[in-house]
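Everything on this sheet refers to the single structure shown next.
Read-outs: derived from the displayed coordinates by stated rules, not from any lab. Note that the structure is predicted; figures quoted are calculated from it, not measured. Please note: Cβ atoms are built from the backbone with ideal geometry, for glycine as well, and neighbour counts cover all protein chains shown.
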Amino acid sequence: MQFYSTRNSNHIVQIDEAILNGIANDGGLYMPSAFTNVYTELKDNDLQSVAENMLTPFIRGYFSAEEIKAIVLESFAFNVPLVQLNEQLYIAELFHGPTLAFKDFGGMFMANVMSQILQRQGRKLTILVATSGDTGGAVANGFFDKENIDVVILYPKGKVSDLQELQLTTFGKNITAIAIDGTFDDCQHLVKTAFADQELKASANLSSANSINIGRLIPQMIYYGYVANKLFKEKDIKPTIVVPSGNFGNISAGLFAKRIGYPIARFIAATNANDVVPEYFNTGKYTSRPSVQTLSNAMDVGAPSNMERINNLFGNDVSKIKDEISAYSVSDEQTKATMKSAYEKYNYIADPHTAVGIHVAEEKANYETTVVMSTAHPAKFKADVEQILGIQLPLPKQLSDILNKPQQLLNMVNSFPVLKDFLLTAQKK
Ligand SMILES: *Cc1c(COP(=O)(O)O)cnc(C)c1O
């Protein structure tokens, strides 16, 4: 399949270039040139079969059928339990991968695909990525120890949880973690500036791994497909899907899944106090602004990059977007209250991001069968969850394993020249 830039539909590339570039030269994001219905061809409903069915049209041609099978097996070796809370409400747990957040789907797939592309081309790359918490861990885990690839992670100092920070800083080897004196938006801005810098682009061989990369986005389709097919086959239901959203990459993948025929009724985006998108849907005006810090820190995004994709997908027509997606903002107070009530009513321990979704599902889904995408394991936010629910939360093995590993990190001021100098110097070594 070919991919075009959201800013110029004549700017066309193949999958290898789309993934290695991350962002198009004109600053646009890559979009698939076609959405073909593949749902009719789906045979089995295990996660791997769904993944093969959904991903093949996007990467076929560059990869053979056998290679696609191998990539799928290697990338998605974990489960997506669908937990039923009441008659209408389900939780799809996307957090059973190595770093306990849904970003493992994108991180694993993209690392495997990218390292194969680079091997074929005999090239080396540096991945530069900004993280609000979970991206960095998933990307580092996926790329750890891969030949030909170095990873530089920028994260906002003091604004990710202690466990998230450990997940970023305990890899070493080809992974460098940098704590930036600023917000996630500052980190994201540094990354964008780096990609726009011609000197850096020429000499540092940079690529991105943020959810703006189409290689992170398309693998996120598979859990939507898996869950939707399961409910459709077993109960003849097309679910409404609630997606806790920050950069709107996750929900974009859901829209793609629907476009290729999977049985989904509609989407609801649940944001925290960073409500740029709910406001856009209400007023038709899109105004990005600095992010504010909340309990659900991985969604503290004031300028959601993937809105450019969603606008493009619907021909920049807000009323068409609103036919398929609605969006609501949830306060920290509501998030805490929902964590408590989910624990009391259903004995379910939700992390703050998932709780934002559950709140919206309970308030806004109108008794439709609703699936909340649970984006992170509660233990990733152990301190908050324990304090809010008054319980002790055991650490899953993925987290207890890293507790005693030494941390390696650099501190850096929020300054592009300083970052540029660092990247150019690292390149010379
Ligand atoms: C990244 C993240 C989100 C937001 O996903 P987007 O694709 O940026 O909308 C939500 N919850 C958790 C736990 C995350 O890590």
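Quick notes on this structure:
- Eligible lysines near LYS201 by straight Cα distance, threshold 28 Å, same-chain separation 8 or greater: LYS103, LYS124, LYS146, LYS157, LYS173, LYS192, LYS420, LYS428, LYS429
- Furthest towards positive pole of dipole, ASN282, PHE248, THR294, structure part region 225-337, Cβ charges: PHE248
- Inter-site label distance for GLN387 and ALA65 at 7 Å from Cα along Cβ, in nm: 5.5
- For the peptides 62-75, 147-160, 221-234, the ranking by packing is 221-234, 147-160, 62-75, with the highest mean count of neighbouring Cβ atoms within 10 Å listed first.
- Dividing the mean sequence gap of close Cα pairs (under 8 Å, 6+ apart) by how many residues the chain holds gives a relative contact order of 19 percent.
- Alpha-carbon centroids, region 113-176 and region 403-429: separation in whole Å: 13
- Linear extension gain, GLU74 paired with ARG120, 0.36 nm per residue minus alpha-carbon span: 14.7 nm
- Couplings for region 421-426, taken from phi via the Karplus curve 6.51 cos²θ - 1.76 cosθ + 1.60 with θ = phi - 60°, read 4, 4, 5, 5, 5, 4 Hz in order; Gly and Pro are left as x.
- The residue list LEU399, THR193, ILE222 was ranked by how far each Cα lies along the charge dipole of the chain toward its positive end, using unit charges on Cβ atoms, and THR193 comes out on top.
- Percent RCO, i.e. relative contact order, over region 120-161, from Cα pairs under 8 Å lying at least 6 residues apart: 52
- Each principal axis of the Cα cloud of region 173-281 was taken in turn, and the coordinate range along them, longest first, works out to 55, 30, 26 Å.
- GNM top mover of LEU94, LEU410, LEU47 - the chain, alpha-carbon springs below 10 Å: LEU410
- Whole-number D in µm² s⁻¹ for region 294-393, Kirkwood Cα-pair radius fed into Stokes-Einstein, 4 °C, 1.567 mPa s: 87
- For a straight C-alpha distance cut-off of 17 angstrom, the aspartates and glutamates reachable from LYS405 (same-chain residues fewer than eight places away being disregarded) are ASP145, ASP162, GLU165.
- Charge sum, other residues only, whose C-beta stays under 15 Å from ILE178's C-beta, Lys/Arg counted +1 and Asp/Glu -1: -2
- Treating r as the C-beta distance of LYS405 and ASN316 and R0 as 45 Å, the FRET efficiency rounds to 0.45.
- Checked against a 20 Å cut-off, the cross-linked pairs LYS233/LYS258; LYS230/LYS340; LYS43/LYS233; LYS230/LYS380 give Cα-Cα distances beyond that limit for LYS230/LYS340; LYS230/LYS380.
- Local electrostatic count at HIS377 - Lys and Arg +1, Asp and Glu -1, tallied over other residues with Cβ under 11 Å: -2
- A simple spin-label model places the labels of ASP162 and GLU333 2.9 nm from each other, with each point 7 Å out along Cα-to-Cβ.
- Region 178-197 and region 230-265: distance between their alpha carbon centers, rounded to Å: 31
- Projected over every direction and averaged, the convex hull enclosing the alpha-carbon atoms of the chain yields 19.0 nm².
- Annotation: amide H of HIS11 within the under-5 Å range of SER5, sequence separation 5 or more or interchain, hydrogens built in the peptide plane.
- Where a label projected 7 Å from the Cα of LYS233 along Cα→Cβ would reach, residues of region 33-68 with amide N under 17 Å: 38-55
- Relative packing of 122-134, 335-347, which averages over residues the other C-beta atoms within 10 Å, highest first: 122-134, 335-347
- Binned Cα-Cα distances of region 251-351, short to long, each 10 Å bin given as a whole percent: 14, 40, 32, 13, 0
- Working from label points 7 Å from Cα in the Cα-to-Cβ sense, the GLN14 to GLN293 distance is 4.7 nm.
- DSSP beta bridges in the chain [antiparallel fraction, %, rounded to 5]: 20
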